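The values are calculated or read from the model by the stated rules, or taken from the named source; none is laboratory data. All values reported here derive from a predicted model rather than from experimental measurement. Note that each Cβ is placed from the backbone with ideal geometry, even for glycine, and that neighbours are counted across all protein chains shown. SASA here: full protein model, heavy atoms, side chains in, ligands and nucleic acids out. Shrake-Rupley method; radii C 1.70, N 1.55, O 1.52, S 1.80 Å.
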Amino acid sequence: MSRMTGNHPMIRLCFKYPPRAGHDQDTEEVWAAPISARTARVASAPFHQVGVAPGDVVRFETDEWGAHWALETVEPSGNCVVRVFPEASGPLGSSADMVNAQFAEFGLQGAVLSPELPLVAFDVPADANFRSIKVLLEEGAAAGWWQYEVACATEAWWAA
């Protein structure tokens, strides 16, 4: 499957990750913009994969069925990925829209996994206010609004 952005075709870049409790799959596909026959720039935040963010350049190989399998990140973007899952019993309920509204002041708009599973994956740009975003994440978790995980981070994120 492919889609177009402007005049450029996008590909589905496949990642394989170790099986985890509660997950019935061990692969994930994200959109990516081909750079060469063996590299692509990640275009969407992953919902399951760790250690990769939009903007990262990834080396891949294409199998006999045409699937593009990620091998390694060759050029990190400096972007981070944070995933937020609203607590159904909390003040935001199970609303991904309400989660997105909390992060709008930082210019973030997360992608939602599905209406049934309102996991929100945020692409946090390298120039974002990491300190303030981290404070909001912690405050929201402490207040019972959500659970969150940092799926891809840089030294700048951890130092903020």
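For every residue, the table says whether it meets (1) crowded, with 16+ Cβ neighbours inside 10 Å; (2) touching a Leu at 6+ places or on another chain (Cβ under 8 Å); (3) in contact (Cβ under 8 Å) with a residue 60 or more places away in the chain; (4) in a loop (DSSP other than H, G, I, E, B).
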residue: Phe60; (1), (2), (3), (4): yes, yes, no, no
residue: Trp65; (1), (2), (3), (4): no, no, no, yes
residue: Ser77; (1), (2), (3), (4): yes, no, no, yes
residue: Ser89; (1), (2), (3), (4): no, no, no, yes
residue: Gly93; (1), (2), (3), (4): no, no, no, yes
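Pick out the one residue from Ile11, Ile35 that is modelled with pLDDT of 95 or more and either of a type in the set (Asp, Glu) or open to solvent by 80 Å² or more (accessible area, probe 1.4 Å) (or both).
Ile35
Results for (1) within 16 Å of the chain's Cα centre (by Cα); (2) over 12 Å from Asn79 (Cα atoms); (3) touching a residue at least 40 places away in the same chain (Cβ under 8 Å), shown as yes or no for each residue.
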| position | (1), (2), (3) |
| --- | --- |
| Pro115 | no, yes, no |
| Leu119 | yes, yes, yes |
| Pro125 | yes, no, yes |
| Glu138 | no, yes, no |
| Trp145 | no, yes, yes |
| Cys152 | yes, no, yes |
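Within the group Ala151, Ala156, Ala121, which residue is surrounded by fewer than 17 Cβ atoms within 10 Å (Cβ to Cβ), modelled with pLDDT of 95 or more and aliphatic (A, V, I, L, M)?
Ala156
Name the single residue that is nearest to Gln147 (Cα to Cα) among those in region 95-121 being in contact with a strand residue (DSSP E or B) (Cβ under 9 Å, 6 or more places away or on another chain) and assigned to a loop (DSSP other than H, G, I, E, B).
Leu119
Any idea how many residues of region 38-62 are over 14 Å from the mean Cα position of the chain (by Cα) and modelled with pLDDT under 95?
Looking only at that region, the number is 0.
Just to be sure, is Thr73 without any contact (Cβ under 8 Å) to a residue 24 or more places away in the chain, buried (at least 16 other Cβ atoms within 10 Å of the Cβ) and not aliphatic (A, V, I, L, M)?
So Thr73 passes the test.
Hey, among the residues in region 124-139 that are outside any helix (DSSP H, G or I) and out of contact with any Cys (no Cβ under 6 Å at 6 or more places or on another chain), which one's most open to solvent (accessible area, probe 1.4 Å)?
Checking each candidate, the answer is Asp127.
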